[in-house]
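Visitor: Mind looking over this structure? Questions follow.
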Amino acid sequence: MSARRLPGPLLALTPGEPASASAPEILRRAGRAIEAGLDSILLREPAFSDRETLDLARGLRALLGPRGWLGIHDRVHLAEAAGADGVHVGFRSLAAREARAIAAPTIAVGFSAHAHDAPEARAGADYLLFGPLFATPSKAGLLAPVGLETLARAVQASPVPLWAVGGITPDNAAALSACGAAGVAVRAAVLGARDGKPATRALLAVLPRGGPRPAIG
């Protein structure tokens, strides 16, 4: 059995907002970022139908190639058909252990974690997105930024790798790696932008080198 793979140091999230970008536009933006070195994408488009999601996932898979990493948010049932490397769940989704029971053994399970989570909420996950680290419009009024000290404690306490998320820019990404984060997850600056090529290059320049890797354990 092939080992499950985790994302690379820079994980780009698709825009995920209704009417913010069509599937062809997401593919165009992804192509630009991949040209700049992006190798890991998490597809998160809740407004898309299953058919639209599967078609878009297959398009992203083709752009990333076999060495890239593709994850799908929530729709565990589409992951294998799309050739995805991972599925990602959060507090409105299946529990991580439930996703693990459904997903193929070769597919990694990710979970969106927060500082107040009970440890059992993360059980079954191969990796975590942890945040928000800094202020971000998508979490305004919902979750307060946790900051670097909380991230460092979370890294020390977690049995699986963490990717920091929330308000990440090339100016603060290096500090997150210094806290022990395996990488960063970014939406607005990369696939949320019409041209994420400059931000992709700038982020990769300050993050550890290396693409998708095998899961630990």
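The values are calculated or read from the model by the stated rules, or taken from the named source; none is laboratory data. Predicted model only: the values in this text are computed from it and were never measured. Backbone-built Cβ (ideal geometry, glycine too); neighbour counts: all protein chains shown.
Visitor: With the requirement that a residue be touching a strand residue (DSSP E or B) at 6+ places or on another chain (Cβ under 7 Å), more than 21 Å from Thr53 (Cβ to Cβ) and not in a loop (DSSP other than H, G, I, E, B), what does the range 1-40 give you?
Guide: The answer is Leu6, Leu10.
Visitor: Considering each of Ala99, Ala104 in turn, give the residue that is in contact (Cβ under 8 Å) with a residue 24 or more places away in the chain, more than 24 Å from Gln156 (Cα to Cα) and under 17 Å from the mean Cα position of the chain (by Cα).
Guide: Ala99
Visitor: Answer yes or no as to whether Gly110 is at pLDDT 95 or above and either over 15 Å from the mean Cα position of the chain (by Cα) or in a helix (DSSP H, G or I) (or both).
Guide: No: the conditions fail for Gly110.
Visitor: Also, quick follow-up: Here are the criteria: (1) farther than 26 Å from Val146 by Cα; (2) buried (at least 22 other Cβ atoms within 10 Å of the Cβ). Tell me which single one Val87 does not satisfy.
Guide: (1)
Table: residues versus (1) in contact with a helix residue (DSSP H, G or I) (Cβ under 9 Å, 6 or more places away or on another chain); (2) within 24 Å of Ser20 (Cβ to Cβ).
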| site | (1), (2) |
| --- | --- |
| Arg153 | no, no |
| Ile168 | yes, yes |
| Ala175 | yes, no |
| Gly180 | yes, no |
| Pro198 | no, yes |
| Val206 | yes, no |
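Visitor: Go through the range 168-217 and give me each residue that's among the hydroxyl-bearing types (Ser, Thr, Tyr) and assigned to a loop (DSSP other than H, G, I, E, B).
Guide: Thr169
Visitor: It is to be established whether one or more residues within the range 176-188 are closer than 24 Å to Ala3 by Cβ, hydrophobic (A, V, I, L, M, F, W, C) and at pLDDT below 95.
Guide: There is no residue in the range 176-188 that is closer than 24 Å to Ala3 by Cβ, hydrophobic (A, V, I, L, M, F, W, C) and at pLDDT below 95.
Visitor: Within the range 141-159, identify whether any single residue is touching an Asp or Glu at 6+ places or on another chain (Cβ under 7 Å) and among the small types (Gly, Ala, Ser), and answer yes or no.
Guide: Scanning the range 141-159 turns up no residue that is touching an Asp or Glu at 6+ places or on another chain (Cβ under 7 Å) and among the small types (Gly, Ala, Ser).
Matching residues to (1) more than 19 Å from Ser40 (Cβ to Cβ); (2) surrounded by fewer than 19 Cβ atoms within 10 Å (Cβ to Cβ):
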| site | (1), (2) |
| --- | --- |
| Ile102 | yes, yes |
| Thr106 | no, yes |
| Ala123 | yes, yes |
| Gly131 | no, no |
| Val160 | no, no |
| Gly166 | no, no |
| Cys179 | yes, no |
| Gly183 | no, no |
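Visitor: Leu151 - would you say it is more than 14 Å from the chain's Cα centre (by Cα) and at pLDDT 95 or above?
Guide: So Leu151 fits the description; yes.
Visitor: Then there's this: Scan (1) farther than 23 Å from Ile107 by Cβ; (2) surrounded by 22 or more Cβ atoms within 10 Å (Cβ to Cβ) for the single condition Glu35 breaks and write down its number.
Guide: Against the list (1) farther than 23 Å from Ile107 by Cβ; (2) surrounded by 22 or more Cβ atoms within 10 Å (Cβ to Cβ), Glu35 comes up short only on (2).
Visitor: Here's a check for you: in the range 44-72, which residue that is assigned to a strand (DSSP E or B) and without any contact (Cβ under 8 Å) to a residue 40 or more places away in the chain is nearest to Pro7 (Cα to Cα)?
Guide: Residue satisfying both the conditions and the ranking: Leu70.
Visitor: Go through the range 113-136 and count every residue that is outside any loop (DSSP other than H, G, I, E, B) and among the hydrophobic types (A, V, I, L, M, F, W, C).
Guide: The qualifying residues number 5.
Visitor: A further question on this structure: Taking the range 32-57 on its own, how many of its residues are under 17 Å from the mean Cα position of the chain (by Cα) and at pLDDT 95 or above?
Guide: Residues meeting the conditions: 14.
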